1. Which value in deg cm²/dmol, rounded to the nearest 500, describes the helix-derived mean residue ellipticity at 222 nm for the chain, given -39,500 (n - 2.57) per DSSP H run of n ≥ 4 and division by the residue count?
2. Please list, ordered by chain and number, the residues whose modelled amide H lies under 5 Å from the amide H of Leu2; skip anything fewer than 5 residues away on the same chain.
3. Enter the Cα centre distance for the pair region 51-75 and region 141-163, rounded to the nearest angstrom.
4. Could you let me know the centre-to-centre spacing of region 1-21 and region 83-121, using Cα atoms, in angstrom?
5. Which of Ser112, Ser13, Ser35 ends up with the largest GNM mean-square fluctuation for the chain, with Cα atoms connected below 10 Å?
6. Among Gly96, Gly41, Gly104, which one shows the biggest mean-square fluctuation in a GNM of the chain, springs joining Cα atoms closer than 10 Å?
7. Considering only the other residues whose Cβ falls under 11 Å of the Cβ of Trp87, what net charge follows from Lys and Arg at +1 and Asp and Glu at -1?
8. List the residues whose amide H sits under 5 Å from the amide H of Gly96, counting only those 5 or more places along or on another chain, with H placed 1.01 Å from N in the peptide plane.
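Computed from the coordinates by the stated procedures, all read-outs in this text should not be read as laboratory data. This structure is a prediction, so every number in the text was calculated from the model and none was measured. All Cβ positions, glycine included, derive from the backbone under ideal geometry; neighbour counts span all protein chains shown.
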Amino acid sequence: MLTHEDLTAWAGSEHVTRADPADLASWRIPENQKSLLVNIGVPVVDQLIEHVAFQTDPDPALQTASGTVLYQLSQNHHGNLVPGLQWAFGVEPDTGKVYYVLPGGEAWFANSSIDLWLQTLHHYGRHVSESPILNDPDEHEDEALAELRELAEELKEIDPPAFEGYVGFIWAEFLERWLW
């Protein structure tokens, strides 16, 4: 079982944010998934999550192009690569599925639940933070590609549905483009 200490071991305590139970009280997601956000928290993850940003509104507020509205979990501006654009992770009411929402509102499936999302973030974040090859991929491009393929297989074991497609599935796309 993943713990807050597991996340802080690689991300640092200042980079793991726990949700305020009052902010999530009216969220329509499974109670056990709310509990994970409150007790374990969400880490800042290189290139994926710059800011943990739990929405405080009681109703879902993160708009998607399909019309589905999600509860916001994070914000990412990719270093303000394109000023004004924002990417975000959000969770679907009732199902608890997690999506990565692009600036135009396109929602890419990330994980089947908050639990599996946190496990995936933890495994990815810990792996990247400890990898000398991935911390300097330009020097070891072939080794980095091999390591990313291995990491993708490990992440697939955590949540197989997150890798069932390519287009519209954030993990497959993210790992493929990691070195660009």
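1. Numbers: 6 runs with 64 residues, N = 180.
Only helices count here, giving -10500 deg cm²/dmol.
2. Sorted by chain and number, the residues that satisfy this come to none at all.
3. 28
4. 19
5. Taking springs between Cα atoms under 10 Å, the residue moving most is Ser13.
6. It is Gly104.
7. Working: positive: none; negative: Glu50, Glu106.
Within the 11 Å Cβ shell, the charges total -2.
8. none
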